[in-house]
Every structure is written in structure tokens, then in C-alpha cells.
1. Could you figure out which of (1) buried (at least 18 other Cβ atoms within 10 Å of the Cβ); (2) within 21 Å of GLY4 (Cβ to Cβ); (3) modelled with pLDDT of 90 or more isn't true of PRO120?
2. If you go through segment 127-138 one residue at a time, do you hit one that is in a helix (DSSP H, G or I) and closer than 19 Å to LEU5 by Cα?
3. I'd like the residue in segment 71-95 that is touching a residue at least 60 places away in the same chain (Cβ under 8 Å) and over 17 Å from the mean Cα position of the chain (by Cα) and, out of all such residues, is least open to solvent (accessible area, probe 1.4 Å).
4. Taking the condition under 16 Å from ARG72 (Cβ atoms), in a helix (DSSP H, G or I) and aromatic (Phe, Trp, Tyr), does PHE148 pass?
5. Check off (1) more than 27 Å from GLY111 (Cα to Cα); (2) out of contact with any Pro (no Cβ under 8 Å at 6 or more places or on another chain) for GLN62 and give me the number that stays unchecked.
6. Only one residue in TRP178, TRP115 is under 19 Å from LEU39 (Cβ atoms), in a helix (DSSP H, G or I) and modelled with pLDDT of 90 or more. Which one?
7. Under the condition of being open to solvent by less than 40 Å² (accessible area, probe 1.4 Å) and among the small types (Gly, Ala, Ser), which residue from segment 169-192 is farthest from the chain's Cα centre (by Cα)?
8. Could you please find all residues in segment 137-166 being surrounded by fewer than 19 Cβ atoms within 10 Å (Cβ to Cβ), modelled with pLDDT under 85 and hydrophobic (A, V, I, L, M, F, W, C)?
Amino acid sequence: LFSGLVPWLGFAESLQRAASAVVEHSGLVRKLRFPSELLVVSSVASAVLHQFVALGIFAIWQAVAGEPAWGRLPWLLFGLAAQVALALGFGWAASALQVFFRDVAQGLGIGLQAWFYLTPIVYPLSLVPERLRPWMALNPMATTVQAFRTVLLGGPPPEPRAALALAGIAIATLALGWALFRRLRPAFADEL
């Protein structure tokens, strides 16, 4: 459970912090020529630092238990890179929309709660019916959690198709979130 919660909580915290970053720091955005996209980046980085603490504790526990899977460390890096790209992309989009629609952060909380239960964190992927498993590749956090579990628990790595889908979704989310943020950024000062 902990190995699934580490990436999920890092992602959810990143997204929740990022969604309100521009509105919370409206003084910087209004009065200074400040690159407001850095507010989202710092929110995501802060949440990832908290996640590293949890990963460190888990790594110590794994080392003491004698079960580390350090040979699979590239999967952790892949999962972390995908998680950060997803958080930044969704974070830039949510923070830009939050400037204009102040209920985005609350809606995001509800959406994240539903997404949590659609991601195999509290249940194993083996409980998902076989006919629905190909659809799990479209849930980027399902593959991200599996990549973390590959290293933290020595579980099987994500299927190549799911890993490619995750990479594509993460890059697309990052690009679309950045494009939306850049498009709406000139109106931030007027709305805030």
C-alpha cells in the first residue's frame, strides 16, 4: 500500500499546490514582471521533496529487510519523470484556469479522489478484470505506480505498451498544460 501511495500522494500534493499557486501569489504576478510559471514549478518541486523523504524511509526499510531491487532503479526514474511531467502539465493548466474560475481547485480535489480509486493502489492490478486491463494503460498513474512498485517491491515492470503510453501521455500533458498556461498568462494581472 505504501509503495503505491508514495507516487500517488506526491502527484496529488503537487497538483493541489500547483492549482492555487498563481492565485495565492497574486502580488508577485500583479506587481512584478515575475515568470509566474515558476510558481507552479516550485509547488511541484516542493511536493516531490516531501516524496523523496518518504522514498528514503522506504529505501531504508527495504535495505534492513534485505529486499532492495536496486537493479530496477531506472524504472523509478522513469516513474518519477512521468509523475513530474504529469503534475507540471496538469498543474499549469489548473493554475491558469484557477485564475479565471476560482472553483477549479475544489473540483480538482473531487477529481483526484475519483482518480485515486481508478488507480490500482489499494488493490492489485491482478484484481482488474482481464478485459479492462488494456484500458489501464490509459491511466497514466496506474503505470507510474507500477513503475514505483517495480523498484520498491521488486514487482514486475510495466508492459512496454503501457510504458510507451505513459511516456506519450506525460509529454502531451506537459505540452498542452504549458501551452494553455502561456496563452492565458497575459490576462493574469487583470483578473487578479
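The values are calculated or read from the model by the stated rules, or taken from the named source; none is laboratory data. The shown structure was predicted, so the numbers you read here are calculated from the model rather than taken from an experiment. Here Cβ is always computed from backbone atoms with ideal geometry, including for glycine, and neighbour counts include all displayed protein chains. Surface areas here come from the heavy atoms of the whole protein model, side chains and all, with no ligands, DNA or RNA. Shrake-Rupley method; radii C 1.70, N 1.55, O 1.52, S 1.80 Å.
1. (3)
2. yes
3. Per the criteria, the residue is LEU73.
4. Criteria met by PHE148.
5. Result: GLN62 fails condition (2) only.
6. TRP178
7. ALA187
8. ALA137, LEU138, LEU153
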